[in-house]
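Here's the structure, in structure tokens; my notes come after.
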Amino acid sequence: MRLHRSVPAAAAWLVAATLLAGPAAAQFVNLPQNDFTWRWGDLEERQQMHDFSASGNEAGFRCDLRGVLRAGTRITRMDMRRFENELELSLYFIQSAARVMNDLDFNRELAWAVLDCVRPEEVEPDEAKQQERLDRLRERALRRQAERREREERQQSE
């Protein structure tokens with residue numbers, strides 16, 4: 001027997017699934033050490049266009065999620081936009097995305113989805129460039145401080 005959810009229930013489900021991946025969930029997920037791709041649904045249906053997409057970071061990975069819902073789904077475009085926005089704000093992007101995609105796939109709402117995660121290469125910091133940047137920041141801070149003092153002096157003399 002397939003349960004049909006109403007649109008408000010589907011929206012609430014998407015929001016709850018996104019928000020439930022909190023600090024407690026972080027304790028139980030072991031992420032790969034290198035770049036990875038996770039897939040859901042039938043990738044033969046994969047096409048260039050997608051119904052949803054989101055990008056985020058977690059544990060040093062930069063990730064992109066994209067996918068398509070099945071035809072006839074009760075999840076509205078507004079629900080998906082809300083999901084995308086909340087997912088992009090999540091501190092646990094990978095966990096939230098995986099949880100929601102698993103639920104959508106289990107409930108046969110998902111045609112396909114792909115989560116691509118890469119760990120950017122760490123660049124050795126150039127000490128000269130860092131010092132130059134710090135000098136510029138210091139100069140800017142001193143200029144702003146002098147401008148503030150001048151402004152305060154003008155206001156006091158008026």
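Quickly run through segment 108-145 and pick out the residues that are in contact with a Lys or Arg (Cβ under 9 Å, 6 or more places away or on another chain) and either of a type in the set (Val, Ile, Thr) or crowded, with 17+ Cβ neighbours inside 10 Å (or both).
Selection gives Glu109, Leu110, Ala111, Trp112, Ala113, Val114, Leu115, Cys117, Val118.
Quick check: is even one residue across segment 87-103 closer than 16 Å to Phe36 by Cβ and without any contact (Cβ under 8 Å) to a residue 40 or more places away in the chain?
Yes.
Please name all residue pairs, on different chains or six or more residues apart, with Cβ atoms under 8 Å, provided the first residue is in segment 61-83 and is farther than 16 Å from Trp38 by Cβ and aromatic (Phe, Trp, Tyr) and the second residue is at pLDDT 90 or above and in a helix (DSSP H, G or I).
Taking only residues 6 or more apart or on different chains, the pairs are Phe83/Val100.
Could you count how many residues in segment 87-99 are surrounded by 15 or more Cβ atoms within 10 Å (Cβ to Cβ), outside any loop (DSSP other than H, G, I, E, B) and touching a strand residue (DSSP E or B) at 6+ places or on another chain (Cβ under 9 Å)?
Here is the first cut: in segment 87-99, the residues surrounded by 15 or more Cβ atoms within 10 Å (Cβ to Cβ) are 87-88, 90, 92-99.
From what is left, the residues that are outside any loop (DSSP other than H, G, I, E, B) are 87-88, 93-99.
Checking which are touching a strand residue (DSSP E or B) at 6+ places or on another chain (Cβ under 9 Å) leaves us with 87-88, 93-98.
Total meeting the criteria: 8.
For the list (1) at pLDDT below 90; (2) outside any helix (DSSP H, G or I), I need the number of the one condition that Gln130 fails.
(2)
Answer yes or no as to whether Ala97 is under 16 Å from Ala59 (Cβ atoms) and either in the same structural domain as Leu31 (by TED's automatic domain parsing) or among the small types (Gly, Ala, Ser) (or both).
Yes.
Arg138: at pLDDT below 90 and in a helix (DSSP H, G or I), yes or no?
Details: at pLDDT below 90: yes; in a helix (DSSP H, G or I): yes.
So Arg138 fits the description; yes.
If Trp38 satisfies every condition in (1) modelled with pLDDT of 65 or more; (2) over 23 Å from Glu109 (Cα atoms); (3) of a type in the set (Phe, Trp, Tyr) but one, which is the exception?
Result: Trp38 passes all but (2).
The values are calculated or read from the model by the stated rules, or taken from the named source; none is laboratory data. Predicted, not measured: the structure shown is a model, and the values here were computed from it. Every residue, glycine among them, receives a Cβ derived from its backbone with ideal geometry; neighbour counts consider all protein chains shown.
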